[in-house]
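Below is one structure, written out as structure tokens; comments come after it.
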Amino acid sequence: MLLIMDTAIINVALPSVGRDLGSGSAGLSWVANAFLITFGGLLLLGGRAADLLGHRRVFLAGLGVLGAASAAGGAAGSVGVLVGARAVQGVGAALAAAAAFALLLNLFPDGPDRHKALGAFAAMGGLGGVLGTVLGGVLTDLLGWRSTFWLNVIGALLLAVLALRLLDGNTRIPERGFDIGGALTATAGLGLIAYGLVGAADAGWTSARTLGVFAAGLALLAAFAVLEKRIAHPLVPPAVLRRPTLRLANCLSALAQMTLFPMFFLVSLYLQRVLDQTPLYGGLGLLPLSLVVVAVAPQTGRLIHRLGLRATMTLGFTLLFAGMLWLGLALAAEGTFLSAVLAPSLVLGAALPLVMVTTNVAATADAAPGETGLASGLINTSQQFGSVLGLAVLVAVAAARTDALGATGAVDETAGFKAALLVGAFFAACAALLTFRLRLPAPASAPPHQDRVGGALD
């Protein structure tokens, strides 16, 4: 909830940041992009570090880094300092997010209890979107954009106190050795790929800089793959990646985020640029969708129990396709929020928790107790890179369609948004078809569920 709330708040606060610090759109874009690059690059390392060093320990370390960087961002006197603070925020967020998801997996073995817990996890994400949208506008208007960073400091401190009181601190696995070479090549490779993706819109997909960054990132990831086969304690054991359920679930999770993440961005732009809404009202236009997420997510476990995991997943991606198609066809330059956005956004709100919970369940179904951090890092990395890639591709589609029409009026911008959303619907349709290939691993015997949090792994 804290991380998604922070992302939503920053999007609302950026115009005020630009006015206060005297920055143009290029500098402001890196306030968001610096976070995405470090977050995406370090998720895998953060997940494995949580397995080896202890999940609560890494969770607390991530909260500490996030809180300190947020304080630095709140006191920043220039855009350069703010961008640096956002990059460090991404480091803390990667550690905290991967460890948090692993802690949840450790508390609940695979089965109905885990499905309910993942539903609650998704609901808190939806609530974070609601709070971020509302608080971003309120805090920025009343207290200034710096207050949004100090809210992170308060949130990190509160979570750290609760973690020390409630969570088991003895969850590290008895494994010696750490794959330094794998950690460096994976982190640098993923970071370069993320850097290439977020910069491709400005530099061009076929520019020498973009191609060079991608080539360097892929070379490092290839070196990582070679290293993992030759060392005794790999960061990602090759046998894990050979699991078909895990591979497909991560692919589906990436496709879901390639569709959903840019949808929020494009709809917000449509409401502000075409319908001439203020940033606050543009953000509030997505409030009904977030409320549906909060309502549907806790019920996802029951749906999985009644329909089965694959059927629920197929239903979720089918709703995602229908919502994106409806939204893409409904947008109009002379439209209104009620006529063009509200109804399809409610369908998307129902689809979001179904696809997120079911892909998370499938991706972690056969994770051993010592692999929960690794499974968390993999699924979070897939989601993050799906978000970055989807945003880069769909924004490029929207810009290309608008430019092809030779103007920048409301009609032409709407045509660009429609084209991008229809491409997103295509991604969702591909994912819906891929769900029929899902085959779950045979259930393994699991220890009985513990009621006390601290004793979940005793």
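General observations
- Estimated FRET transfer efficiency when R0 is 25 angstrom, pair Asp276-Ala330 (beta carbons, to 0.05): 0.85
- Normalised per residue, the volume of the convex hull around the Cα set of segment 69-118 (Å³): 71 Å³
- Cα gyration tensor shape for segment 67-155, rounded if a/c is under 1.5, else prolate or oblate: oblate
- Over segment 186-248, equivalent-ellipsoid semi-axes from the Cα gyration tensor in Å: 28, 13, 8
- Derived value for segment 1-160: Kirkwood hydrodynamic radius 16.0 Å. Basis is the mean of 1/r over every pair of different alpha-carbon atoms.
- Taking the 1.4 Å solvent-accessible surface of the chain as the whole, the part contributed by carbon and sulfur is 68%.
- Rounded to the nearest 20 debye, the dipole size of the chain about its Cα centre is 840 debye, using +1 on the Cβ of Lys and Arg and -1 on the Cβ of Asp and Glu.
- Per residue accessible area in Å² of the chain, where ligands, DNA and RNA are left out and the probe is 1.4 Å: 42 Å²
- Computed from Cα positions, the angle between helix 410-434 and the longest principal axis of the chain comes to roughly 20 degrees.
- Here the relative contact order of segment 155-260, from alpha carbon pairs under 8 Å that lie six or more residues apart, stands at 27 percent.
- Note on segment 281-356: along the principal axes its Cα atoms extend 44, 22, 14 Å, ordered by decreasing extent.
- Tail beyond 17 Å, pair distance distribution of segment 5-65 (Cα, percent): 54 percent
- Distance cut-off 20 Å, percentage of C-alpha pairs in segment 257-404 lying past it: 54 percent
- Across segment 220-314 the C-alpha pair distances fall into 10 Å bins from zero in the proportions 12, 24, 26, 22, 14, 2 percent.
- Mean separation of Cα contacts under 8 Å, 6 or more apart, over the residue count of the chain: relative contact order %: 24 percent
- Gyration tensor (alpha-carbon) shape descriptor, segment 143-266, a/c threshold 1.5: oblate
- Whole-angstrom Cα spans of segment 81-234 along principal axes, big to small: 45, 45, 30
- Taking N as its residue count, the alpha carbon Rg of segment 325-401 over 2.2 N^0.38 Å: 1.50
The values are calculated or read from the model by the stated rules, or taken from the named source; none is laboratory data. The structure displayed is predicted, hence computed values, not measured ones. In this analysis, Cβ positions are derived from the backbone assuming ideal geometry, glycine residues included, and neighbour counts consider all displayed protein chains. The accessibility values were calculated without ligands, DNA or RNA, using every heavy atom of the protein model including side chains. Shrake-Rupley method; radii C 1.70, N 1.55, O 1.52, S 1.80 Å.
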